[in-house]
Amino acid sequence: MKLLDRLFRDTPLATRNEITPKLGFLLTVLLAIVWLIPFLWMGVATLRPASDGINLMAELMPSLKPTLDNIRDAWEIGDFPRYTLNTVLICTGILLVQFVTITLAGFAFARLEFAGKTPIFYLFLMQLMLVPVLLIVPNLSLVAQLGLYDTLTGVMMPFFASAFGTFLMRQAFEAIPTELEDAALIDGASLLQRIRHIYVPLSMPSFSAFAIISVTSHWNDFLWPLMVINSPDKRPLTVGLSVFTATAEGTQAWGTIAAGTLMVIAPLLITFLIFQKRFISSFVTSGIK
Amino acid sequence: MSLAEPAALPVAASAPARLHIVTRFSHRFKTSLPAYLLLLPSLVFLALFTYGAMGRVLVDALYQRATPKAPVRFVGLDNIAAVLADSAFTGAVVNNLVYAVGTAIPSIGLALLFALALSRTNAVNSALRAALFLPVLIPMVAASALFLFIFLPNVGLLDYYIGSLLPVLPNWLGDSDIALYAIMVITIWKNAGYYMLFFLAGLQAVPEDVMEAAHLDGAGPYQRLRHIIMPELKPTFLFVTVIAILNAVTQVDHVFVMTKGGPSNATNLVLFYIYQQAVEHYDIGKASAATLLTLAALMGLTALSFRTMANREDGP
């Protein structure tokens, strides 16, 4: 109770004796613990030796004889280095092209007047709702027609234009004072030079916010790469993990599944724990991806 | 020169009027050209993968092949009729509605609770926020792999810890009466932390002085929530509801990993049905018809949410 009072000591005096906010807080703490249990189990099960048997698999108390066997097994059974490479290639490829498309389009909306600006703006806005995953069927046939079936480029292509990114950059560019651009204009800088040397360097926070959203969402994409990719050596992590899980589930190798899952999510979790504040603020701006 | 011009004008009055419109148009186009060039890369991909894709769905929905190798023939609305008559599709629609309501309400309710409890910034609250946010980051496939064990009959996490409290051990994913709810638990676990962020942001808009006045007037926590905080959060509620519904339609990875739509289609959702038709049955006509119906439903939602988004975006 003392601890709870200390946590609530910055609340207004009038509300400090209220019981409801404290109950709500305790409930939230309880739920936060529940929320962490799957992660806790993943960690414990990864280190649990197979000799503990299936009946102890659910035990959340860590084994006294921790082992790295599960990690080694997962590493050998699943082709995780290859999957990781593919996912990294997909995320990087998408992000690099997106940087170009959203910078140019964001600049056009922020600084240029042109005929049809409003209808084109709505064309972008609509894309926020028509998420690519809904259009997997027509997009798969297009990717096949373009000869990109079973290629990483085929996985990346539908995401090259980003309405969300365009709006984010438009907002960032609008905040930059025009005086800076005018000075460059007098010096004879071209449009692209002004974008490259004035607007882009001053909008790095927005680029990093967009990068976080883009990479986490495409790191997690599943159904689309599942449809486009056929060769095992081109699978991204998510598809690889689902195949791996389906195989290991048959042999009840839950420790190996836990280890495989850990390897898939570890890069994102570690990055999140380091850049926590930046992640949270990026996700707040994301709204609709 | 300036004196001569007015005299010269009336001579060719009729033709230049039209010419004038053309030059004005071409002038407007010329000044707009840099903007169009900048927009071109984005517009190409939007045209190919969003608007072109919608057009292709429309066309593909009207054609059918007798066998996967046979040439396509025009069948009109037959595909749509076939999809609507398919009990697997109507079942998936019903499942998806139950799933949307059953995931949106609890996850939004929990998100509000979390945000209210953790709105003040201190080290403890930040840690709790991070804990609740972790599931948002991980792939749905990874979450499914973990919950596959949690729901495992007899030896799984759930049965190991709370199984003794239940009269009979349910087969969480294998019982067609329970499986859809088990799937919903994952979605709630994964999304509540995401929606929490929007409520946390929304709570910052609640005016400090109004809250203070409420304290002075002796308003209790329920009264403050009901009369001050909730009205202020109304745009956030609308916005989060739209995202939650969108997520309910587009997130089906866990269905693929955990149940494949089974047992007996109890967990089949619309997007998974589309996937099955396209990839497992090679029935592009039916898959397109189902996509078309889903898009139509979402367009309705778009119209609704445009108003919501208009509050966030100021327009061009």
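If we scan the range B:162-181, do we find a residue that is charged (D, E, K, R) and without any contact (Cβ under 8 Å) to a residue 24 or more places away in the chain? There is no residue in the range B:162-181 that is charged (D, E, K, R) and without any contact (Cβ under 8 Å) to a residue 24 or more places away in the chain.
Taking every residue in the range B:203-229 that is in contact (Cβ under 8 Å) with a residue 60 or more places away in the chain and pairing it with any residue that is of a type in the set (Asp, Glu), at least 6 positions away or on another chain, the pairs with Cβ-Cβ distances below 9 Å are B:LEU203/B:GLU232. Scanning the range A:151-179 for residues that are surrounded by 14 or more Cβ atoms within 10 Å (Cβ to Cβ) and away from every other protein chain (no Cβ under 13 Å) yields A:THR151, A:LEU152, A:ALA172, A:ILE176.
Residues in the range B:26-35: is at least one among the polar types (S, T, N, Q), crowded, with 16+ Cβ neighbours inside 10 Å and either outside any helix (DSSP H, G or I) or away from every other protein chain (no Cβ under 14 Å) (or both)? No, there is no match, as no residue in the range B:26-35 is among the polar types (S, T, N, Q), crowded, with 16+ Cβ neighbours inside 10 Å and either outside any helix (DSSP H, G or I) or away from every other protein chain (no Cβ under 14 Å) (or both). Taken over the range B:123-151, the criterion of being free of Cβ contacts under 8 Å to residues at least 12 places away in the same chain and more than 7 Å from chain A (Cβ to nearest Cβ) is satisfied by B:ALA123, B:ASN125, B:SER126, B:ALA127.
With respect to being in contact with a helix residue (DSSP H, G or I) (Cβ under 6 Å, 6 or more places away or on another chain), assigned to a helix (DSSP H, G or I) and under 30 Å from A:ASN55 (Cα atoms), A:THR247 falls outside the description. Taken together, the residues in the range A:109-123 that are crowded, with 17+ Cβ neighbours inside 10 Å and either more than 7 Å from chain B (Cβ to nearest Cβ) or of a type in the set (Ser, Thr, Tyr) (or both) amount to 2. Counting the residues of the range A:50-80 that are closer than 23 Å to A:GLY240 by Cα, of a type outside the set (D, E, K, R) and not in a helix (DSSP H, G or I) gives 2.
As for the range B:274-294, it holds no residue that is under 14 Å from the mean Cα position of the chain (by Cα) and in contact (Cβ under 8 Å) with a residue 60 or more places away in the chain.
B:PHE45 passes every criterion in (1) surrounded by fewer than 18 Cβ atoms within 10 Å (Cβ to Cβ); (2) under 23 Å from A:LEU191 (Cβ atoms) apart from (1). Among the residues making up the range B:261-290, those that are among the hydroxyl-bearing types (Ser, Thr, Tyr), more than 11 Å from every other protein chain (Cβ to nearest Cβ) and surrounded by 22 or more Cβ atoms within 10 Å (Cβ to Cβ) are B:THR267, B:TYR273. Looking at B:LEU225, B:LEU304, B:LEU293, just one residue is within 30 Å of A:PHE167 (Cβ to Cβ), surrounded by fewer than 20 Cβ atoms within 10 Å (Cβ to Cβ), within 11 Å of chain A (Cβ to nearest Cβ) and out of contact with any Ser or Thr (no Cβ under 7 Å at 6 or more places or on another chain), and that residue is B:LEU304.
Of all residue pairs spaced 6 or more apart or on separate chains, those with beta-carbon atoms under 6 Å, a first member in the range B:237-258 that is at the interface with another protein chain (Cβ under 9 Å from one of its Cβ atoms) and a second member that is buried (at least 20 other Cβ atoms within 10 Å of the Cβ) and part of a loop (DSSP other than H, G, I, E, B) are B:VAL252/B:LEU269; B:ASP253/A:PHE222. Condition check for B:ALA82 on (1) more than 19 Å from A:LEU134 (Cα to Cα); (2) buried (at least 19 other Cβ atoms within 10 Å of the Cβ); (3) of a type in the set (A, V, I, L, M): one failure, at (2).
Please indicate, with yes or no, whether at least one residue in the range B:70-92 is in a loop (DSSP other than H, G, I, E, B) and in contact with a Phe, Trp or Tyr (Cβ under 6 Å, 6 or more places away or on another chain). Checking the range B:70-92: at least one residue is in a loop (DSSP other than H, G, I, E, B) and in contact with a Phe, Trp or Tyr (Cβ under 6 Å, 6 or more places away or on another chain). For the range B:111-157, the set of residues classified as over 30 Å from A:LEU4 (Cβ atoms) and either in contact with a strand residue (DSSP E or B) (Cβ under 7 Å, 6 or more places away or on another chain) or in a helix (DSSP H, G or I) (or both) consists of B:MET140, B:VAL141, B:ALA142, B:ALA143, B:SER144, B:ALA145, B:LEU146, B:PHE147, B:LEU148, B:PHE149, B:ILE150, listed by residue number. Restrict the check to the range B:233-243 and report whether at least one residue is crowded, with 16+ Cβ neighbours inside 10 Å, touching a Phe, Trp or Tyr at 6+ places or on another chain (Cβ under 9 Å), among the hydrophobic types (A, V, I, L, M, F, W, C) and assigned to a loop (DSSP other than H, G, I, E, B). Yes, there is a match, as at least one residue in the range B:233-243 is crowded, with 16+ Cβ neighbours inside 10 Å, touching a Phe, Trp or Tyr at 6+ places or on another chain (Cβ under 9 Å), among the hydrophobic types (A, V, I, L, M, F, W, C) and assigned to a loop (DSSP other than H, G, I, E, B). Of the conditions (1) at the interface with chain B (Cβ under 8 Å from one of its Cβ atoms); (2) of a type in the set (A, V, I, L, M); (3) assigned to a helix (DSSP H, G or I), A:MET129 satisfies every one except a single condition; which number is it? Unmet for A:MET129, out of (1) at the interface with chain B (Cβ under 8 Å from one of its Cβ atoms); (2) of a type in the set (A, V, I, L, M); (3) assigned to a helix (DSSP H, G or I): (3). The residues in the range B:251-260 that are in a loop (DSSP other than H, G, I, E, B), at negative phi and either surrounded by 24 or more Cβ atoms within 10 Å (Cβ to Cβ) or among the basic types (Lys, Arg) (or both) can be counted, and the count is 1. Return a yes/no flag: does the range A:3-10 have any residue that is among the charged types (D, E, K, R), under 22 Å from A:ALA248 (Cβ atoms) and either assigned to a loop (DSSP other than H, G, I, E, B) or within 11 Å of chain B (Cβ to nearest Cβ) (or both). So far as the range A:3-10 goes, no, none of its residues is among the charged types (D, E, K, R), under 22 Å from A:ALA248 (Cβ atoms) and either assigned to a loop (DSSP other than H, G, I, E, B) or within 11 Å of chain B (Cβ to nearest Cβ) (or both).
For the range A:32-70, the set of residues classified as buried (at least 19 other Cβ atoms within 10 Å of the Cβ) and aliphatic (A, V, I, L, M) consists of A:ALA32, A:MET42, A:VAL44, A:ALA45, A:LEU47, A:MET57, A:ALA58, listed by residue number. Looking at the structure I just gave you, is B:GLU232 free of Cβ contacts under 8 Å to residues at least 12 places away in the same chain, more than 10 Å from chain A (Cβ to nearest Cβ) and among the acidic types (Asp, Glu)? Considered against the rule, which asks whether it is free of Cβ contacts under 8 Å to residues at least 12 places away in the same chain, more than 10 Å from chain A (Cβ to nearest Cβ) and among the acidic types (Asp, Glu), B:GLU232 comes out as no. Pull up the range A:258-277, narrow it to residues that are crowded, with 17+ Cβ neighbours inside 10 Å and in contact (Cβ under 8 Å) with a residue 60 or more places away in the chain, then point me to the one that is nearest to A:THR92 (Cα to Cα). Looking at residues that are crowded, with 17+ Cβ neighbours inside 10 Å and in contact (Cβ under 8 Å) with a residue 60 or more places away in the chain, I get A:VAL264.
Scanning the range A:86-108 for residues that are among the hydroxyl-bearing types (Ser, Thr, Tyr) and surrounded by fewer than 18 Cβ atoms within 10 Å (Cβ to Cβ) yields a single hit, A:THR92.
Every read-out reported here was derived from the displayed coordinates using simple, explicitly stated rules and does not represent laboratory data. As the structure is a computational prediction, the values presented were derived from the model and not from experiment. Every residue, glycine as well, gets a Cβ built from its backbone with ideal geometry; the counts of neighbours run over all protein chains shown.
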